Each structure stands twice: as structure tokens, then as C-alpha cells.
Amino acid sequence: MIKSFAELKENTKIKIKDKAAPRMGMIYPRGGKCLKAAIQAAEEGYVTPILIGHKIEIESTARAANQDVSKYKIIEAENLKTSILKAIGMAKAGEIDFFLKGCVDTTEMVDVLVAKDSGFLTKGKTLSHIGIMQTERYHKLMFVTDSAVNAVLKATDKIGIVQNAAALATVMGIEQPKAALLAAVEAIYPAIPVTMEEAAIAKMSDRGQIKGCFIDGPLSFDVAINTEVAHSKGITNSKVAGDTDIFACPSMETADGVYKAMVMYAKAEVAGIIFGGAVPVASTYAVDPVGHIFNSIVLAAYATLQ
Amino acid sequence: MSTEIKNQPIMSSDQIIERAQEIARKGKRKMVAVAGASDVDVLGALSSANADGILDATLFGDRDKINKCAVEGDIDISKFDIVHNDDVSKFTYEAVKMAAEGNADVIMKGFVSTSGLLKTVLSHDFNLKTKNLVSHTAVLDIPGYFKLLGMTDGGMVVRPDLDQKIQIMENSALVFRALGINPVKVALSGAVDFVHDNIPQTAECRKVIEKVESMGFDDIVIQGPLTFDAATSKEMASLKNIEGPVAGEADVYLVNSIEECNIIAKSLINFADTVFAGVITGAKVPVSLVSRTDTLKNKKASVSIACLVAEYYKSSGVLGGAL
């Protein structure tokens, strides 16, 4: 079971040892930070990058960031949209194993990925973003979802985002990951629709309708992370409370706020990934330093090695 | 010694407590009416705040149960009057009445339900209701942010509509005026920093801003949608090319749902050493509440901020909701 980013890197190295490094299509490599992380990951043997974007712009970005891209293949794409569409085509043709979002706006990329004719979505599967966080204050990695893809969450989407996070956690060796459906309270109130929906999903989980993870909800954030608080609030027989792996937020704004709060103020170490599509997408935010982009690349590479 | 209280901007939770002490020292010590005082956490907070010279309190509830709680928690309540009644609706009524008659400045929730207490506060028997709904503001002292950040509403209004959002904003703006902040910079929360067709919350931001601007509030500046990073970090705002009067220096982060507020605030409290003070505004008297899981400092800051709001109402003549 992978418990830290150090272990993730170690395990990825071991898996790559006798194989070729996963091929990473870098979508529109704008921004020095992303290029730096990609080149570092290539130099350390985690990936073989293929840059998909405007060649002249890539070269000037590289010069400005003091990076050498001459060793890497560049596929010409005149704008972000064509860059993404080319990357999707290459992924489907088996030419690349995963994507890295360059330092471009996440929403702009997501819009292209989720378009009906993009070919990126998998029928019956939800696409969602997962932020994996490591902090000294919590005894395990936190999977915070979904801060980037699903702006309007219906019950099916909520189940989908939990299943995506559970699939990723399982890949990382966490068996039967524990998912908390977060709310403001842990009691179920008809006047608070989120609690009713979360309770219904938890019931589906109890009855074995959703497999591969334990789900409980509604749970407040402190109940999800702290067994004592859970007990003090009368939550005594939850398989999730106090030991949560997956923090499923009831709205995109919530997940985004938690992600930013954890990076900026809790100084958590983070990786970001969009999961559930044709291939994984390493995807972080402007707030993330190079190290977080690097973690995301390694995580996506690791996920493709299963 | 001057009895003037300087209304310099308050930037931290320590300053909230210090200002409340200063107000008390200058002869304006606040009286807190506690509805259902048989609550160890409430008594502990009040006793400690009293020892620090912040406030006085009158305890409404069952005398035996109150005394039992004091013994159980080893809390000195000798400085407080107890008004005995063992009927919850009666002692709640009596506590609110004390405030409505001007003999208490703050109403505090003890061992009673929040909804029951607020129903009494807003009942026609008392003239405490304003044109606004009542809402909760969590004032967060986040290490790494250069000022206090108000988040609202994580406790009362489940999913505010357009008008409710504006009322909630006014209620929080009052709290920040009481903290000496002028103008109050309000950021409307979003998962992205621009209006986007596929994200309904962002389209609503535009409507909120239009309405706020048409209402012509003095001393409120509003901007949104803003992500949490763009709202609270100038560095992030400039990195993302976001300009505007609120970006990077929000006083109030006005969010879309009770869950959003509660969950983000708790992530900061649990993982980023954030101290918080909470208060309910929107009635003519501030309502204070503390929770079992609060630290003593949180509790003290919470009762202190209610005292500051009460002082602001008195000194300005502005009563809750009448911004």
C-alpha cells in the first residue's frame, strides 16, 4: 500500500525497471513550471514526453525557463483545442499512455475533454478530478474530489466520482478504500437535500450495490478525519468515519476550496489527476509548485503501469 | 483615560479578544443572556471570558443542572446570576426577553436547539427581527493570510437564493464593520475565476453583483466568481491575471452552500492551525454559539466577537440587518 509520495516514486521506479517508461503526451506545454516538471520526470526516467503544441511557443517557453527541449518530440498543434484532440487521437492509437496538462486553464481543457464528440469519455463512466494529498496531520493519503470536472452533481455523478477515486486508490494498493460523502452535518435532515442524497448512496453501498469501496455519509469533515469527534457525535459504527481515504465533496466549489486551502495554508504535498477517461490526465492548478506537477506525472505514470 | 474605543482594523483572533477586553475596561462590559446554561462547554467559555474581563453573564435554566455542570467541569460560576426555570420554552423566552428589553447585549445558545432559540428570537413577542434573515459568519484567523477571513454561511442557510445571498452578505459585512474593516471586501466563491456557461454558480455571481451594485451599499466592494486562492492570495491573483478590488484581499468569502462553507472552514481549522470565531447576525442582538469540538480559544474568540458586534450596534445605532 502506497502511503506517501516517496513510496509512490519508489514503486513507480520498480515497475518501470524492465520496461520502457510510459509515454506522456504533454498538452499545450505553456508555462515554465509544467515544462520543468516534465523534463525532470523524463531525466529521472519516469516518462518519455511528447510535446503537443505550437513549436515556436514551446521553444520560447523552454528558453525562458532555461530548459532544453531539443531531445523531445514535438507534435505541432496550433492551439489548445487541437492539441487536446491530437493527444486524444494518439492515446486511442496507442501512441501515448497518458496526458499532462500544460500550464493552461483547467476548465478550457475539461471543456474539450467532455465534449460529446471528443472520443475521450468512456461510456457509462464519470470523468473526475482527484487531488491526492499528504499532510503530517493525517495518518494516510487523502483523495479529495472533484474540483474540476463535474459542476452539476447528480447522484449518478457522485457515485461515479467516488468510484473513480476508489479505482485510483485501489491501484495504489489501498484495498476497499473508505469514502466519506461530506456534508455540513452527519445527521440526515429532509430539509438539507445533500444529506438525503448522500444517505441514499451510503445505503446503496451498505447493500452491496456499489462495489470496491466502503461509503458512508453524510459525514462532516471533522467526523471523517477524527474517530473521537465521530464518537462524540454518536457515529460509532461507521467503517469510514475517522479513517477516510476518499473525501467526496458535495460540489465542485467545495472540492476546489479544500484543494486550495490544503495547498496554500496546510502546506500539503499534492498530486492531481483526472481519471475515468480514455487515459489518465496529470492535472494541477496554478497554485501548485513544480513538485506537485512532478508528483502528478509520477502518479499518472504509475496508474498506467498496472 | 479616554473612554473612546479606537476602531482600528482587527487583524487576528488575539486582537478580537483584546478589543473585547478593552471595551469592557472602558466601562462597556457586555452582558450575555444564556438560554439553557446547563452546558459544560458554554459555562467553561463564559467563566474563562469573565475571568479575562470580557463579559458578564446571566444564566437561564434549571439551577440544579447548571450547578451540576459547573461542578462536573470544575468551573467557577459564582460571578453569574442564575434565573431558575426548568421549562425549556420558558427559560429560552426569559433569556431572549432580557436582551429584547435592553438588559443583555448578547444572546447565547446553551443546551437548547439552535432552531428553537432563533424561533424565539425572531418571534413577534420581541422586536428583534430585522428585514434580513439570520445567518452565521465564521471569522477565520488563518496563519499565512494577512487578515481575518469571514466565511458564510456554514451554519444556517442551506442553499441561499439570490436575495438570501445578499442578506447573508449584509450580515457578514456588519460583523466586519464591528471589526473596524472599511470597506468590506466581499468575494463570491467559484470553482473558477470567470463566468462560464457550464458552471451555473458562476452565472449567478453576475446577478448578485448587479443587484448589490444597484442597492448602492456604502463601504462594500464585491467581486466574483473568485476561487479560494485568487480571493486570498495577491500572488495567485496576479499569476492568474485577475485584477479587481477584492482579488487577493477578501474580507468575506461568500459561498454557495452550507456544505461548501462548513467543509472548507473545517479543512483550515483541522489542518492549517486556523482559529475561528463564529457569530449569528441578522437580528437586532447578536447570537453567540460555541460547539463541543471548539478549542477554548475558539470559544473565547466567539463570545468576544459577539461582544464586539453588540458594541458596534450600540455605538453606531445600526442594528443587525439595517445596514
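Here are the numbers for the structure shown:
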{"item": "Exercise: per-residue mean of other protein chain Cβ atoms within 10 Å, A:246-255", "result": "6"}
{"item": "Student exercise, segment B:135-279 dipole from Lys, Arg, Asp, Glu Cβ charges, in Debye to nearest 20", "result": "100"}
{"item": "Highest-MSF residue in chain B out of B:Glu311, B:Glu18, B:Glu101 [GNM, Cα springs under 10 Å]", "result": "B:Glu101"}
{"item": "Ascending count of other beta-carbon atoms within 10 Å, so fewest first, for A:Val281, B:Val221", "result": "B:Val221, A:Val281"}
{"item": "Anisotropy class of chain B from Cα gyration tensor, a/c 1.5 cut", "result": "prolate"}
{"item": "Span from the segment B:53-76 Cα centroid across to the segment A:23-58 one, whole angstrom", "result": "65"}
{"item": "A:Asn66/A:Gln306 FRET efficiency (R0 30 Å; Cβ-Cβ; nearest 0.05)", "result": "0.30"}
{"item": "Relative contact order (%) - criterion: Cα under 8 Å, at least six apart; region: segment B:135-279", "result": "36"}
{"item": "HN-Hα J in Hz across segment B:135-143 - Karplus 6.51, -1.76, 1.60, θ = phi - 60°, x for Gly and Pro", "result": "8, 9, 10, 9, 9, 9, 9, 9, x"}
{"item": "Candidates B:Pro200, B:Pro225, B:Pro143: whichever shows maximal mean-square fluctuation once chain B is modelled as a Gaussian network with Cα springs under 10 Å", "result": "B:Pro200"}
{"item": "Sparsely packed trypsin sites (Lys or Arg not before Pro) within segment B:1-100, loop by DSSP, other Cβ within 10 Å at most 15", "result": "B:Lys6, B:Lys79"}
{"item": "DSSP beta bridge pairing in the protein assembly as shown, given as percent antiparallel to the nearest 5", "result": "35"}
{"item": "Net charge contributed by nearby residues that have their C-beta within less than 15 Å of A:Lys125 (K/R +1, D/E -1)", "result": "+3"}
{"item": "Fully extended contour minus Cα-Cα distance, from A:Lys267 to A:Ala115, at 0.36 nm per residue", "result": "51.3 nm"}
{"item": "Charge dipole (debye, nearest 20) of segment A:135-198; +1 at Cβ of Lys and Arg, -1 at Cβ of Asp and Glu", "result": "80"}
{"item": "Other-chain or far-sequence residues with amide H under 5 Å of B:Val275's (modelled H)", "result": "B:Asp141"}
{"item": "Unsatisfied cross-links (Cα-Cα over 26 Å) in the set A:Lys260/B:Lys185; A:Lys140/B:Lys299; A:Lys55/A:Lys260", "result": "A:Lys140/B:Lys299; A:Lys55/A:Lys260"}
{"item": "Per chain A, cysteines lacking a partner by the 4.7 Å Cβ criterion", "result": "A:Cys213, A:Cys249"}
{"item": "Computed Kirkwood radius, in angstrom, where 1/r is averaged over Cα pairs of segment A:71-208", "result": "17.5"}
{"item": "Gain in span if fully extended, A:Asn237 to A:Lys81, counting 0.36 nm per residue against the direct Cα distance", "result": "51.3 nm"}
{"item": "Normalised contact order of chain B, rounded percent, pairs of Cα under 8 Å and 6 or more residues apart", "result": "22"}
{"item": "Against the rule of thumb 2.2 N^0.38 Å, how large the Cα Rg of segment B:133-275 comes out", "result": "0.95"}
{"item": "Range of Cα positions in the protein assembly as shown per principal axis (Å), largest first", "result": "79, 51, 39"}
{"item": "Karplus-derived HN-Hα couplings along segment B:231-246 (A = 6.51, B = -1.76, C = 1.60, θ = phi - 60°), whole Hz, x at Gly and Pro", "result": "6, 10, 9, 5, 4, 5, 4, 6, 4, 8, 6, 9, 9, x, x, 9"}
{"item": "Mean Cβ count within 10 Å, highest first, over the residues of peptides A:236-249, A:6-19", "result": "A:236-249, A:6-19"}
{"item": "Simple Cβ-charge dipole of the protein assembly as shown, Lys/Arg +1 and Asp/Glu -1, about Cα centre, in debye nearest 20", "result": "780"}
{"item": "Of A:Leu181, A:Met252, A:Ile297, farthest towards positive along the dipole that unit charges on Lys, Arg, Asp, Glu beta carbons give chain A", "result": "A:Ile297"}
{"item": "Inter-label distance for B:Asp125 and B:Arg206, nm, one decimal - labels placed 7 Å from Cα along Cα-to-Cβ", "result": "4.9"}
{"item": "Cα pair count fraction exceeding 24 Å, expressed as % - chain A", "result": "50"}
{"item": "Full-stretch length increase - A:Glu59, A:Glu44 - with 0.36 nm per residue and alpha-carbon distance subtracted", "result": "3.3 nm"}
{"item": "Per-pair calculated FRET efficiency, R0 = 56 Å: A:Ile14 and B:Ala51 via Cβ, rounded to 0.05", "result": "0.40"}
{"item": "Beta bridges by DSSP in segment B:135-279, antiparallel share as percent, to the nearest 5", "result": "40"}
{"item": "Shape call, segment A:124-276: gyration tensor on alpha carbons, a/c limit 1.5", "result": "rounded"}
{"item": "Rounded FRET efficiency, nearest 0.05, which uses the C-beta distance separating B:Asn198 from B:Leu162 and R0 of 22 Å", "result": "0.65"}
{"item": "DSSP beta bridges in chain A [antiparallel fraction, %, rounded to 5]", "result": "35"}
{"item": "Proximal aspartates and glutamates to A:Lys17, defined as alpha-carbon separation beneath 16 angstrom and excluding residues fewer than eight positions away on the same chain", "result": "A:Glu7, A:Glu43, A:Glu44"}
{"item": "Contact order normalised by residue count of segment A:124-276, Cα under 8 Å, 6+ apart, percent", "result": "35"}
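Since every read-out is calculated from the coordinates, none of them should be taken as a lab result. Source: prediction; values computed, not measured. No Cβ is skipped: glycine too gets one built from the backbone with ideal geometry, and neighbour counts run over all protein chains shown.
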